[in-house]
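One structure is given below, encoded as structure tokens.
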Amino acid sequence: MQTPPILLENVSVSYGPHKALENISGTFQAGSLTAVAGPNGAGKSSLLKLIAGLVRPRKGRITLAPEMRDKIGYLPQSSAIARDYPLSVMQTVCIGFWPELGDIAAISSSHKKRALKALEQVDLAQMKDRQIGMLSGGQFQKLLFARLYLQDPQILLLDEPFASLDGETTARLIGILLDWHKKGKTIICVLHDLLLIKKYFPDSFLLAGKCLGTGHTHVLFEKNLLSFDLDMAEIIAPKEEKKG
Amino acid sequence: MSEINLLFDPFIDFAFMRRALAAAFALSLGGAPLGVFMMLRRMTLVGDALSHALLPGVAIGFLVAGLSLGAMTIGGVCAAFIVGGMAVFLTRFTHLKEDSAFTLLYLLSLGIGVTLISLKGSNTNLLHLLFGNILAIDEATLGLVASISVLSLFTIAIFYRRFVIEGFDSSFLGVVSRGTESWVRQIFFMLLMLNLVAAFQAMGTLMALGLMILPAIASRFWSHNINVLMPMAACLALVSSYTGLLLSFYVSLPSGPAIVLVAGSMGLVSALIGPVGSVRASLKENQQEG
């Protein structure tokens with residue numbers, strides 16, 4: 001049997017005294033498209049950072065398939081990125097070449113062509129010389145998707161990529177996501193929108209500090225773990241039964 | 001012709017002015033590009049706090065060995081590291097935010113430093129350590145300042161992309177380089193310390209950051225492009241150094257404050273009339289919208 005690209009075994013993550021994740025176990029299969037859902041403070045972003053290697057588990061183990069370790073693309077929440085940085089759209093998308101070029105190698109004309117192609121995919125080619133500070137929230141998110149194009153990762157970790165975007169931009173970015181899914185990439189996406197989860201994400205991972213449920217999205221809806229009658233804030237971890 | 005000579009005569013006639021100019025130029029070339037990164041990372045207050053934090057270490061060096069370059073440099077570096085470490089500790093294990101932690105520590109450092117110096121030194125010693133004396137720079141100090149400047153430029157050239165990416169989106173660097181972003185931060189921090197130690201020799205602990213940060217702030221009003229900001233900040237720092245030293249020579253101003261005065265004025269003028277994000281640019285935008 002093929003090893004899943006991501007395997008979590010009783011993983012806990014803490015920031016000082018604050019426990020973000022407690023005893024999380026689960027797998028993410030190759031080529032899966034999974035939504036991570038749960039209320040604020042449920043540990044959704046921490047789960048992505050854990051898989052991305054940005055935080056270390058306090059307890060437990062996370063195993064990544066060796067061929068996947070260097071092929072992770074991570075998109076943090078937009079608030080974690082300096083939008084006022086003095087970079088142009090072209091300079092920003094070219095950051096996606098860093099794993100390939102490193103510190104010294106020059107960006108060649110063929111790299112620039114590839115960068116322009118990536119910008120065309122997200123309808124930003126006309127704005128290649130514009131400063132990123134002048135882009136709208138939707139355009140900036142598209143730019144980050146273009147950077148992911150160039151990075152060409154096998155595992156994509158996206159933290160609320162559609163937050164505060166209009167319907168048209170969301171639809172465009174969902175289209176790109178589905179395209180990547182078709183190409184066999186493993187996608188894990190933190191989302192709050194149940195409609196999007198039900199419509200586009202075959203698998204879900206439900207978190208509230210602990211893992212409340214994982215598996216096919218429609219099964220989680222059938223079990224009422226996910227429900228349109230349920231506000232995200234109402235999803236809480238069941239209290240542990242007292243022993244004895 | 002004679003007016004033009006006024007621009008060069010002080011540096012032709014006096015060796016101390018040449019040494020001062022060389023030191024200020026070295027500080028400008030090494031420190032100003034670093035200042036641009038500090039400004040973009042919103043680290044200017046941290047830098048300011050660290051520059052003040054040098055004082056207790058410098059004071060201990062002074063108490064042990066007098067106005068010895070080596071002792072004061074080692075003391076300053078140690079003090080800056082201790083204060084940096086304590087700030088990280090306070091931020092992580094208490095509810096203090098970074099700015100409050102650094103403010104607490106730098107005021108404490110300043111208090112300790114001034115008290116220590118007053119135990120043994122005179123007011124002249126205290127003024128020398130607080131405000132520096134670029135005109136009194138000797139060959140050995142000039143060598144130290146120049147070496148730090150060269151090291152800074154080489155390091156920035158090698159790690160330029162990492163520094164840019166780390167400031168823009170540190171998580172990207174963390175993921176693609178599997179944890180090297182923490183040592184990129186440490187290298188940056190080391191460069192900052194070294195430049196502060198170099199600048200302290202010339203500008204004192206109170207104004208050590210002047211030639212690093214003020215030209216960087218001014219440059220932000222003239223360009224959107226990070227690749228332009230670095231050389232522009234260095235050029236503004238060079239002009240501030242030259243003009244400040246001339247001012248200090250002809251108008252009998254203290255040299256370090258004169259350089260900072262020119263650099264600060266450039267920052268203010270840039271904020272008023274620069275083409276990017278200045279008062280003038282905002283008014284123009286409002287007019288176009290109206």
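Normalised radius of gyration (Cα atoms, divided by 2.2 N^0.38 Å) for chain A: 1.06.
Measuring from a point 7 Å past the Cα of A:Lys117 along Cα-to-C-beta, which residues in region A:147-163 have an amide N at less than 18 Å? Only A:147-154 fall inside the zone, counting backbone N under 18 Å. Using a Gaussian network model of chain A whose springs link C-alpha atoms within less than 10 Å, name the residue from A:Tyr74, A:Tyr149, A:Tyr15 with the highest mean-square fluctuation. In the Gaussian network model the winner is A:Tyr15. Of the residues B:Ser219, A:Ile104, A:Gln131, the one whose Cα sits farthest toward the positive end of the charge dipole of the protein assembly as shown, with +1 on the Cβ of Lys and Arg and -1 on the Cβ of Asp and Glu, is A:Ile104.
Put a dot 7 Å past the Cα of B:Leu153, heading toward its Cβ, do the same for B:Asn225, and the two dots end up 2.1 nm apart. For chain A, a Gaussian network of Cα nodes joined below 10 Å ranks A:Gly53, A:Gly31, A:Gly96 by mean-square fluctuation, and the top entry is A:Gly53. Calculated on C-alpha atoms, the gyration radius of region B:2-289 divided by its Kirkwood radius gives an Rg/Rh of 0.99. Over the C-alpha trace of the protein assembly as shown, radius of gyration and Dmax come out as 27.3, 100 angstrom.
Computing FRET efficiency as 1/(1 + (r/R0)^6) for B:Val64 and A:Ala82, where r is the C-beta to C-beta distance and R0 is 35 Å, gives about 0.25. Distance between the pseudo-spin-label points of A:Leu7 and A:Asp152 (7 Å out from Cα toward the beta carbon): 2.9 nm. Equivalent ellipsoid of region B:135-269: semi-axes from √(5λ) of the C-alpha gyration tensor, largest first, are 30, 18, 11 Å.
Return the FRET efficiency for the residue pair B:Tyr250, A:Asp70: r is the Cβ-Cβ distance, R0 is 45 Å, and the value is rounded to the nearest 0.05. So, using R0 = 45 Å, E works out to roughly 0.15.
Taking other residues whose beta carbon is less than 13 angstrom from the beta carbon of B:Leu214, and scoring Lys, Arg as +1 and Asp, Glu as -1, yields 0.
Apply the Kirkwood formula to region A:87-152: the hydrodynamic radius equals the inverse of the mean of 1/r over all pairs of different alpha-carbon atoms; give it in Å with one decimal. Walk me through the numbers before you get to the answer.
Details: mean 1/r = 0.0863 Å⁻¹.
By the Kirkwood definition, the hydrodynamic radius is 11.6 Å.
Label sites at A:Gln29 and A:Ile104, each approximated as a point 7 angstrom past Cα along Cα to Cβ, lie 4.6 nm apart. Of the residues B:Ala199, B:Ser118, B:Ile187, the one whose Cα sits farthest towards the positive end of the charge dipole of chain B is B:Ile187 (charges of +1 on Lys and Arg Cβ, -1 on Asp and Glu Cβ, taken about the Cα centre).
Loop-located trypsin sites (Lys or Arg not before Pro) in region A:1-94 (DSSP state not H, G, I, E or B) with no more than 15 neighbouring Cβ atoms inside 10 Å: A:Arg58, A:Arg69, A:Arg83. Estimated from the Cβ-Cβ distance and a Förster radius of 25 angstrom, the FRET efficiency linking A:Tyr15 and A:Lys59 is about 0.95. Region A:38-87 and region B:172-217 have Cα centres spaced 27 Å apart.
A 28 angstrom limit on the alpha carbon distance is what I want to check against. Which of A:Lys19/A:Lys199; A:Lys19/A:Lys185; A:Lys49/A:Lys128; A:Lys44/A:Lys199 exceed it?
Values: A:Lys19/A:Lys199 32 Å; A:Lys19/A:Lys185 31 Å; A:Lys49/A:Lys128 30 Å; A:Lys44/A:Lys199 20 Å.
Among A:Lys19/A:Lys199; A:Lys19/A:Lys185; A:Lys49/A:Lys128; A:Lys44/A:Lys199, the Cα-Cα distance tops 28 Å for A:Lys19/A:Lys199; A:Lys19/A:Lys185; A:Lys49/A:Lys128.
Bear in mind these aren't lab numbers, they're just calculated from the coordinates by the rules spelled out. Small disclaimer: the values here were computed from a predicted structure and weren't measured. A quick note on method: Cβ atoms are made from the backbone with ideal geometry, for glycine too, and the neighbour counts reach across all protein chains shown.
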